[in-house]
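Accompanying notes for the structure given below.
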Amino acid sequence: MPRHLPLRLAPLLAATSVVPWGTGQAAALPLDPTLTVVLDGVYYDDNADGEGDARLGETAGIFDAHDHEAADHEHGLEQGFNLRHTEISLTGGIEKLLDARLNVAIYDGGDVEVEEAFLATTDLPAGLRIKAGKFYSGIGYANERHPHDWDFVDQNLPYRTLLGVHGLSDIGAQLTWQPAWDHDTRFGIEAFQGDNNERLGTEADHADDLPGRDDAPRLYTAFAKWSPALGHDHALQLGASAAWFRSHQEFHHHDELDEHGLDGEARLWGLDATYAFHADGAHGQGDWRVAAEYLIAEKNLEVAHHASDPSVIGQARDFTEDGLYVQATYGIAPRWEVGLRYDAVGFTNEKRGPLVAANIDFDESDRWTAAATWQISDTSRLRAQVARVSAALETDREHYTQFYLQYQWRFSLGQRSDPHAGHHHGHDH
């Protein structure tokens, strides 16, 4: 939590509900272990034959033909009732020296995924902190937020398209530094294994056809976050991020004759801004928050395998795609919040190579979303959401409407975290 922010403003800058509820990662974890269970159920419908959510993951662009192993684990919404996932979180402290966290997601089909499993120091000098294990990268504003922390039912389009629904999460280490300045500033660097991220990473499924990659760690990131002192009722955070995948691979198979693999490097840059205002209303009434983020990904690859035309092996293929979202939430009444979001991908959306046939400019896709959230209690919420989508697909453009009704329930055993600490997992300070 920023040192200079009033205690009541920290959750507004990072939280997602009119009443803060979550794991309290902003504060030091208690010595006694805490077990938290979050249920996330969604009713979903659209006028695209129930395929609207899946099509958001197939928008035309530099990732639309990416046959990545982790893409099978996107866990998209089906028409009707969905138990999106049940999250089990165990947190605690070790000898007042380390924070520990384990987050496990259990999906309706029986899949179990370890979302986070890490240790983090609590008492290093000079504002330093080290985290090691599996965790969400500190890049951007939305990346570290678990699904039950989102302001809307689903992930924003830039993250879903460029990073995958789960964002950038991997096994590695993070070093952050929070200098003792008058304004809150945090710098961070990370090194990750770089294996099989949803969109960027190595391609293990086709190891026989692509170059071997044993030079881990393969992914490095850097980020900076700055929050000036604006007074008692206001909070602002500005951020900049970068990621470098020194070993990126992907495999494409439009048909058996055009089956080919690419190998090279990938980079990601991002800017984000968040502003929050606290109105002193009961249970969040009058509070509002605005967040915006821009991401751009670039892949510089070479053809490493081609089933039908070995002569193209070694040819360059360069890819660029960007995206942004802007969203705002407002507490219209005690325990009631409304939200509006615009998100889009593909303003720049192109593939370039030495052959004319390899040069393609894809169209952009965008969406408008409105949501209303009722914070029933400190442990449960109900959210209704409607979205209007304009999606550029491989052969045409589709317009359709999505409807969501979400219920979330949270239960904790053990010492509860400070409810004012917020629950943006990245603000560990």
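Close contacts from segment 44-63, counting a first residue that is under 16 Å from N156 (Cβ atoms) and a second that is β-branched (V, I, T) and at pLDDT below 90, with Cβ to Cβ under 9 Å and a gap of 6+ residues or different chains, come to G57/V165. Considering segment 378-399, and only residues there that are among the polar types (S, T, N, Q) and open to solvent by 40 Å² or more (accessible area, probe 1.4 Å), the residue that is modelled with the highest pLDDT turns out to be T379. Just a yes or no: is a residue in segment 168-180 within 19 Å of T320 (Cα to Cα) and modelled with pLDDT of 80 or more? Within segment 168-180 (the criterion being within 19 Å of T320 (Cα to Cα) and modelled with pLDDT of 80 or more), the answer is yes, since at least one residue qualifies. Does E250 satisfy the condition of being in a strand (DSSP E or B), closer than 20 Å to N349 by Cα and either open to solvent by 40 Å² or more (accessible area, probe 1.4 Å) or aromatic (F, W, Y) (or both)? The answer is no for E250. As for segment 400-411, it holds no residue that is basic (K, R), open to solvent by less than 30 Å² (accessible area, probe 1.4 Å) and modelled with pLDDT of 95 or more.
Regarding A240, is this residue assigned to a strand (DSSP E or B), touching a helix residue (DSSP H, G or I) at 6+ places or on another chain (Cβ under 6 Å) and under 26 Å from F223 (Cβ atoms)? Answer is no for this residue. State yes or no: is F347 in contact (Cβ under 8 Å) with a residue 24 or more places away in the chain, more than 18 Å from Y407 (Cβ to Cβ) and exposed (fewer than 14 other Cβ atoms within 10 Å of the Cβ)? Here the answer is yes, as F347 does meet what is asked. Just one of the listed residues (A243, A279) is surrounded by fewer than 16 Cβ atoms within 10 Å (Cβ to Cβ), touching a residue at least 40 places away in the same chain (Cβ under 8 Å) and aliphatic (A, V, I, L, M), and it is A279. Based on this model, can you work out whether V303 counts as modelled with pLDDT under 90 and assigned to a strand (DSSP E or B)? When the stated conditions are applied, V303 passes them. Residues that are in a loop (DSSP other than H, G, I, E, B), closer than 19 Å to K131 by Cβ and touching a Lys or Arg at 6+ places or on another chain (Cβ under 8 Å) within segment 168-202 comprise Q178, Q193, G194, listed in sequence order. Exactly one residue out of F81, F135 is more than 23 Å from Q174 (Cα to Cα) and of a type in the set (A, V, I, L, M, F, W, C): that is F81. Could you list, in sequence order, all residues of segment 124-135 that are open to solvent by 10 Å² or more (accessible area, probe 1.4 Å) and touching a strand residue (DSSP E or B) at 6+ places or on another chain (Cβ under 9 Å)? Once the filter is applied, which keeps residues that are open to solvent by 10 Å² or more (accessible area, probe 1.4 Å) and touching a strand residue (DSSP E or B) at 6+ places or on another chain (Cβ under 9 Å), segment 124-135 yields L124, A126, G127, L128, R129, I130, A132, G133, K134.
Pairing each residue of segment 330-343 that is over 19 Å from N156 (Cα atoms) with any residue that is among the β-branched types (V, I, T) and at pLDDT 95 or above, provided the two are 6+ apart or on different chains, yields C-beta distances under 9 Å for G331/V338; I332/V338; R335/T373; R335/I376; W336/T373. Note on segment 181-204: among residues that are surrounded by 16 or more Cβ atoms within 10 Å (Cβ to Cβ) and more than 20 Å from the chain's Cα centre (by Cα), the one that is modelled with the lowest pLDDT is E203.
Filtering H166, H146 for residues that are within 30 Å of D378 (Cα to Cα), touching a residue at least 40 places away in the same chain (Cβ under 8 Å) and open to solvent by less than 10 Å² (accessible area, probe 1.4 Å) leaves a single hit, H146. For segment 64-95, the candidate set comprises residues that are under 15 Å from V153 (Cα atoms) and aliphatic (A, V, I, L, M); within that set, the residue that is modelled with the highest pLDDT is L83.
Residue count for segment 293-331, restricted to those that are more than 29 Å from L262 (Cα to Cα) and either surrounded by fewer than 17 Cβ atoms within 10 Å (Cβ to Cβ) or hydroxyl-bearing (S, T, Y) (or both): 5.
The values are calculated or read from the model by the stated rules, or taken from the named source; none is laboratory data. Just so we're clear, the structure is a prediction, and the values are computed from it rather than from any experiment. Neighbour counts are summed over all protein chains in view; Cβ atoms, including those assigned to glycine, are modelled from backbone coordinates with ideal geometry. These area figures cover heavy atoms from the full protein model, side chains too; ligands, DNA and RNA do not enter into them. Shrake-Rupley method; radii C 1.70, N 1.55, O 1.52, S 1.80 Å.
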